[in-house]
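Novice: Would you mind keeping the following structure in view while I ask a few things?
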Amino acid sequence: MLNLSNAQVPLLGFAAFSGTGKTTLLKKIIPLLRLNQLNIGLIKHGHHNFEIDYPGKDSYELRKAGANPVMLTSSHRRAIIVERQVIEEPVLAEELAYFDQTGLDLILVEGFKLERFPKIELHRPVLGKPLLFPNDDTIIAIATDAELAVTCNIPKLDINDPEQIARFICEEFLPSARY
């Protein structure tokens, strides 16, 4: 498993190829978990050179001028933008060191599918992508919308039933989760 030395609460990933519906499903699961009085954090692996601000905004222009880090703050939220000195893929264990876990019960992780920590695989056979779970023993369940062509020795969930997936997280994953 992942070196969880920077994890103060359980982590659960949602791993799938692009276009499978990770974000769509998480948008449905998070409110259901909140109904169970769980405080949820989220780490999303963004691809490429994403921007959270844009040309013309003061924060963008100041960052482009060389300020690093840049903090945007208001009465509603705070964001800290840090330019990486070395351009390389982030490592989840390192990112956790920067993530405020105070008061959280669970951190959901979208992406980081090749790293070793508990994950639910999302799979839609119609997309023609290979299954991840046969080669990843950290996948604890698979959520799909069709029968699988291989034998599955982990729980199989319905990707179109967010309530079932939320129940699995609350009743199966969290009681035995280690961090």
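We did not get these values from a lab; they are worked out from the coordinates using the rules stated. Treat the numbers as computed from the prediction; the structure is a model and nothing was measured. FYI the Cβ positions are ideal-geometry reconstructions off the backbone, even for glycines, and counts take in every protein chain you see.
Novice: With the requirement that a residue be in contact (Cβ under 8 Å) with a residue 12 or more places away in the chain, exposed (fewer than 12 other Cβ atoms within 10 Å of the Cβ) and not acidic (Asp, Glu), what does region 69-97 give you?
Specialist: Matches in region 69-97: Pro69, Val82, Ala97.
Novice: A further question on this structure: Within region 54-105, can you find the residues that are among the aliphatic types (A, V, I, L, M), assigned to a helix (DSSP H, G or I) and within 30 Å of Ser5 (Cα to Cα)?
Specialist: Scanning region 54-105 gives Leu92, Ala93, Leu96.
Novice: Let me ask something else about it. What is the residue count in region 84-104 for residues that are touching a Gly at 6+ places or on another chain (Cβ under 9 Å) and charged (D, E, K, R)?
Specialist: 1
Novice: For region 1-44, name all the residues that are of a type in the set (S, T, N, Q) and over 20 Å from Leu157 (Cα atoms).
Specialist: Looking only at region 1-44, we keep the residues that are of a type in the set (S, T, N, Q), and these are 3, 5-6, 8, 18, 20, 23-24, 36-37, 39.
Asn3, Ser5, Asn6, Gln8, Gln37, Asn39 - these are the residues of region 1-44 that are of a type in the set (S, T, N, Q) and over 20 Å from Leu157 (Cα atoms).
Novice: Please enumerate the residues belonging to region 4-43 that are in contact with a helix residue (DSSP H, G or I) (Cβ under 6 Å, 6 or more places away or on another chain) and in a loop (DSSP other than H, G, I, E, B).
Specialist: Of everything in region 4-43, those that are in contact with a helix residue (DSSP H, G or I) (Cβ under 6 Å, 6 or more places away or on another chain) and in a loop (DSSP other than H, G, I, E, B) turn out to be Asn6, Ala7, Ala16, Asn36.
Novice: Answer yes if at least one residue in region 149-159 is assigned to a helix (DSSP H, G or I) and more than 29 Å from Ala93 (Cβ to Cβ), and no otherwise. Explain how you work it out, then say what you get.
Specialist: Of region 149-159, the ones assigned to a helix (DSSP H, G or I) are none.
For region 149-159, residues assigned to a helix (DSSP H, G or I) and more than 29 Å from Ala93 (Cβ to Cβ): absent.
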